[in-house]
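Read through the structure below, which is laid out as structure tokens, and then see the notes.
The values are calculated or read from the model by the stated rules, or taken from the named source; none is laboratory data. Just so it is clear, the model here is predicted, and its values are computed rather than measured. Please note: Cβ atoms are built from the backbone with ideal geometry, for glycine as well, and neighbour counts cover all protein chains shown.
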Amino acid sequence: MNGIKGMHHVTAITSSAEKNYEFFTYVLGMRLVKKTVNQDDIQTYHLFFADDEGNAGTDMTFFDFPGIPKGVHGTNEIYKTSFRVPSDKALDYWVKRFNRLDVKHSGIKKQFGVKTLSFVDFDDQQYQLVSDENLDGVEAGIPWQKGPVPLEYAITGLGPIHVRVDQFDYFKKMMEKVLLFKEIDQEGSLHLFEVEKGGNGARVIVEYNTILPQARQGYGTVHHSAFRVEDREVLEEWIDRMGKFGFRTSGYVNRYFFESLYANVAPQILFEFATDGPGFMGDEPYETLGEKLSLPPFLESKREEIEKMVRPIDTIRSTKEFTKEYE
């Protein structure tokens, strides 16, 4: 069986595509590599923030569904998204940066031997930075070269997602028998799972929690998360495998930037399997990624209608000079 290679992307819901763009660009220093619409709901923006080249395993994406209520954090949700930084020293930089920019954070803490820094955005979306210091495993991405964050401290990709569940025995079985992860460590109610090469780019933290009420999806929460698979051939193996285990799935879906399979693996937990390619440079050059409204071929004929439906957001950065901010 060709296994999962690690994290591919995480997709969350925001109350404001504009504020979301400002936060990820100017605070987190991640590069907007694609500005498009939700292919199943064309009045909704879908923004992709990633590393310098939009490599698989580095992108956090957002929907801004019109009129959706605020989500409620609880059990049975993908609760928190992690971003990788190169070193422990980078976390010291981010504490100062967050203090200066009034980003709420909880200070540097250790989790499974790794230094972390948890923080939230304007929607109470939960994140943490994780240090890659002394860790091998899945390669990191390339920090946004022209962004405001010094390259030695910048975000290089996705770290572990943090999932809360009230049926841990089932979830562990699903992770190990179906998805081929291994549980490698435990701290109290937290369990650390790893796959393939391991390291921060191939881990999932599962929290057993029967105390909190059921989470409710809305803005400020994660919609789904995706794992990397090599290509279409491997994706077909996973379509077959998930079906054999009795999961209801989407079947094959062509997202154009990658090819996908979706499966509800537990109550309110949606996982996607996504191919590494073809990537984000098929319709835009490297220099101006994310600056125009990009539409997949099947929506191109509706461009005029869609452009009237979604409000314009100025995402042009190729003409701007960002000064590296050392504090």
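Taking the stretch 187-268 and the strands (runs of 3 or more DSSP E) fully enclosed by it, no element has 2 or more residues that are at pLDDT below 95. Given the structure, is Ala226 within 30 Å of Pro66 (Cα to Cα) and either under 21 Å from the mean Cα position of the chain (by Cα) or among the small types (Gly, Ala, Ser) (or both)? Yes: the conditions hold for Ala226.
Filtered by the rule that a residue be surrounded by 16 or more Cβ atoms within 10 Å (Cβ to Cβ) and on the phi < 0 side of the Ramachandran plot, the stretch 260-272 gives Ser260, Leu261, Tyr262, Ala263, Val265, Ala266, Ile269, Leu270, Phe271, Glu272.
Any idea how many residues of the stretch 297-310 are basic (Lys, Arg) and either surrounded by 10 or more Cβ atoms within 10 Å (Cβ to Cβ) or in contact (Cβ under 8 Å) with a residue 60 or more places away in the chain (or both)? Please lay out each step first, then the result.
Residues of the stretch 297-310 that are basic (Lys, Arg), as a first pass: 302-303, 308.
Among the residues that remain, those that are also either surrounded by 10 or more Cβ atoms within 10 Å (Cβ to Cβ) or in contact (Cβ under 8 Å) with a residue 60 or more places away in the chain (or both) are: 302-303.
Matching residues across the stretch 297-310 total 2.
Restricted to the stretch 23-44, and to residues there that are crowded, with 17+ Cβ neighbours inside 10 Å and among the aromatic types (Phe, Trp, Tyr), the residue that is farthest from His224 (Cα to Cα) is Phe23. Screening the stretch 96-148 for residues that are among the acidic types (Asp, Glu) and crowded, with 21+ Cβ neighbours inside 10 Å and picking the one that is farthest from Val33 (Cα to Cα) gives Asp132. For the condition surrounded by fewer than 17 Cβ atoms within 10 Å (Cβ to Cβ) and small (Gly, Ala, Ser), Gly74 does not qualify. Every residue in the stretch 149-191 that is touching a residue at least 24 places away in the same chain (Cβ under 8 Å), among the hydroxyl-bearing types (Ser, Thr, Tyr) and surrounded by fewer than 16 Cβ atoms within 10 Å (Cβ to Cβ), please. Within the stretch 149-191, just Tyr170 meets the criteria.
Among the residues of the stretch 195-206, those identified as surrounded by 19 or more Cβ atoms within 10 Å (Cβ to Cβ) and at negative phi are Val195, Asn200, Gly201, Ala202, Arg203, Val204, Ile205, Val206. Can you name the residue in the stretch 5-22 that is surrounded by fewer than 21 Cβ atoms within 10 Å (Cβ to Cβ) and of a type outside the set (S, T, N, Q) and is also farthest from Pro148 (Cα to Cα) among such residues? Only one residue fits best here, namely Lys5. Among the residues of the stretch 273-295, those that are surrounded by fewer than 16 Cβ atoms within 10 Å (Cβ to Cβ), in contact (Cβ under 8 Å) with a residue 24 or more places away in the chain and not in a loop (DSSP other than H, G, I, E, B) comprise Gly277, Tyr286, Glu287, Thr288.
Would you be able to say whether some residue in the stretch 129-141 is without any contact (Cβ under 8 Å) to a residue 40 or more places away in the chain and farther than 17 Å from His8 by Cα?
Of the stretch 129-141, the ones without any contact (Cβ under 8 Å) to a residue 40 or more places away in the chain are 134.
Pick out the ones that are also farther than 17 Å from His8 by Cα and you get 134.
Checked against the condition, which is being without any contact (Cβ under 8 Å) to a residue 40 or more places away in the chain and farther than 17 Å from His8 by Cα, the stretch 129-141 yields at least one hit.
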